[in-house]
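Structure, as structure tokens:
The values are calculated or read from the model by the stated rules, or taken from the named source; none is laboratory data. All values reported here derive from a predicted model rather than from experimental measurement. Note that we place each Cβ from the backbone using ideal geometry, even for glycine, and neighbour counts take in every protein chain shown.
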Amino acid sequence: MKTLVLSLACVGVQTGLTVSLPSHPNLKARSDSQLAPPPTDAETVFSLPTTPSWFENIAYRPSTNTLLATRLDVPQIWSVDPHTQTGTLVANVTDPSSSSLSSLTGDDDVFIFAGLNYTLTTGLTPNSSALWSLTFPSSLAPSSSKNGTALQVPTPVPVLALPGIGMINGITTWDAHTVLAADSTEGAIWKVDLTSQTPASIVLQDPTMAPLANATNVLGTNGVKVYRPRLDDPSSSSSSADNKTYVYYTSTNQGLLARIPVDPATTIAAGPVHILAGGFSNPDDFAVLDDGSAVLATGPQNTVVHVALDGTVTTLAGSADELVLASSTSCTRGRDGGKVFVTTAGGFEAKVNGSVVGPGSVAGFDLGGVV
């Protein structure tokens, strides 16, 4: 069944898309028989000083071997040093229209992040999404502070207000001047020109991205990533079985991880959606590995899983009754690619064993020989 629906609506224009949710023959539900015991225990690298608190998204900085993590409960970005297991507040947005930070993307020194008018108690102010930038001096040393004192780094700079987007959740880099943004309320992926020369527009939209109206939290498209196989890496091209460019995404209410081939120049869909795996409770953000498989934060399932291209799902770390990955929200890989770092909300989404909530944290574990 073909389900692909594309729209190129400009900012603020209602697409009027009405979708039904078809069954998908390539949907492989997650089952206990597919889940192997965790090969290694995850270890908490850093925890926020307050409970409850919520780390939402994570990125890696190669030059300093540190991690950047956004907070959803307050508009902050923290730097976490996995070697010293310390964390430092590096950015605090004071604009009341961005009371919460969702995701971030960037290279070593320049990052784009998304702000929202959102609180954990009152929820989202619709159409309050904005993009900000944060530039680190190349000479900035990694933090070793344990008390949360802010480093002297540039103040976050507003880039674009995007009132036509319902809710930016995940963002990812497309090229030096463009990001893709997952809109959780519209159920779509937007292409955003950071130079403002071209209006933001919906570039990918499919029924698999749509939120469910009867869900407790109405969230469609959540995490988004671009995968380009490295042609100089035999394991990359051979494992993915093609040399196509893909956009990967999670659809939270529909409980799935999917990908769609896109034109490498325009981002326009170049084939049908392929659902890699489904049956998750509330899948959040993820990282794509070199072979095209993914490591996925499962939210209230309190785990990180590996999703192979054939749909096989394997638990890598965490469990329902453990706090270390409670309400896992996003993943990234470290310097050599052999370690995965995970942000958590400390069980805020669903209390561990029905009663336990911890602080938002960053945890890490070794991939080992699992993938």
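A few notes on this one:
- Of residues in region 163-199 being surrounded by fewer than 23 Cβ atoms within 10 Å (Cβ to Cβ) and among the aliphatic types (A, V, I, L, M), the one farthest from N127 (Cα to Cα): A176
- Which listed residue is out of contact with any Lys or Arg (no Cβ under 9 Å at 6 or more places or on another chain) and at pLDDT below 95, from V362, V371, V342: V371
- Applying the condition of being in contact with a Ser or Thr (Cβ under 7 Å, 6 or more places away or on another chain) and of a type in the set (F, W, Y) to region 50-91 and asking which residue is surrounded by the most Cβ atoms within 10 Å (Cβ to Cβ) yields F55.
- Region 108-146, subset farther than 28 Å from E349 by Cβ and out of contact with any Ser or Thr (no Cβ under 8 Å at 6 or more places or on another chain), residue modelled with the highest pLDDT: S133
- Contact map, region 69-84: residues that are under 15 Å from T329 (Cβ atoms) paired with residues that are of a type in the set (D, E) and modelled with pLDDT of 95 or more, Cβ distance under 6 Å, separation 6+ or inter-chain. Pairs shown: T70/E56; L72/E56.
- Annotation note: of T94, T44, the sole residue that is surrounded by fewer than 20 Cβ atoms within 10 Å (Cβ to Cβ) and either in a strand (DSSP E or B) or within 20 Å of the chain's Cα centre (by Cα) (or both) is T44.
- Of everything listed in (1) more than 21 Å from T344 (Cβ to Cβ); (2) modelled with pLDDT of 95 or more, the single unmet condition for N243 is (2).
- Residue match in region 320-341 (condition: of a type in the set (A, V, I, L, M) and more than 30 Å from D73 (Cβ to Cβ)): no
- T252 vs. criteria at pLDDT 95 or above and either of a type outside the set (A, V, I, L, M) or out of contact with any Leu (no Cβ under 8 Å at 6 or more places or on another chain) (or both): yes
- In region 85-97, the residues that are touching a Phe, Trp or Tyr at 6+ places or on another chain (Cβ under 8 Å) and in contact (Cβ under 8 Å) with a residue 60 or more places away in the chain: T86, G87, T88, L89, V90, V93
- Scanning region 114-139 for residues that are farther than 18 Å from A182 by Cα and assigned to a loop (DSSP other than H, G, I, E, B) yields L120, T121, T122, F136, P137, S138, S139.
- Exclusive hit being out of contact with any helix residue (DSSP H, G or I) (no Cβ under 9 Å at 6 or more places or on another chain) and free of Cβ contacts under 8 Å to residues at least 24 places away in the same chain, set A269, A265, A287: A265
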